[in-house]
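Working notes, beginning with the structure itself.
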Amino acid sequence: MAEICPRCGLPTEICVCNVLERETETKIRVFTRKAKFQKYVTVVEGISPDEIERTAKSLKRILACGGTYKDNYIELQGEHKERTKKALLSIGYKETNIDVA
């Protein structure tokens, strides 16, 4: 027998919880800042804690850069503001929810 998702009650094969979480009205903020040794770091804030690990792995793979996630934000090595927005759109986040500063 198939497993049932505890949140939506549907079988896990057709569960839509992940898609619905990405479409919520949370604002995702993408900006850069200088880190150690005057290097730039791209920061992504506003992603839910249960999606942050998967999103960080996807962004690092798509952008071909290093990075980490901690304290409810993702840090990517390098200056990737516009490319990060395109990558977030390809992952499934809405364009209206992404703010690039």
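What the table shows:
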| item | result |
| --- | --- |
| Cut-off under 5 Å, modelled amide H: who pairs with Leu10 long-range | Cys5 |
| Label-point gap, in nm, between Arg7 and Leu20 - each point 7 angstrom along Cα→Cβ | 0.8 |
| For region 71-84, 3J(HN,Hα) per residue [Karplus equation, 6.51 cos²θ - 1.76 cosθ + 1.60, θ = phi - 60°, Hz, x = Gly/Pro] | 6, 6, 8, 10, 10, 10, 6, x, 9, 10, 4, 5, 5, 5 |
| HN-Hα J in Hz across region 91-101 - Karplus 6.51, -1.76, 1.60, θ = phi - 60°, x for Gly and Pro | 6, x, 7, 6, 5, 5, 8, 9, 10, 9, 9 |
| For region 54-68, Karplus couplings with θ = phi - 60° (6.51, -1.76, 1.60), whole Hz, Gly/Pro x | 5, 5, 4, 4, 5, 5, 5, 6, 5, 8, 6, 9, x, x, 8 |
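Each reported figure results from applying straightforward, stated rules to the coordinates on display, with no laboratory input. None of these values were measured; they are calculated from a predicted model. Here Cβ is always computed from backbone atoms with ideal geometry, including for glycine, and neighbour counts include all displayed protein chains.
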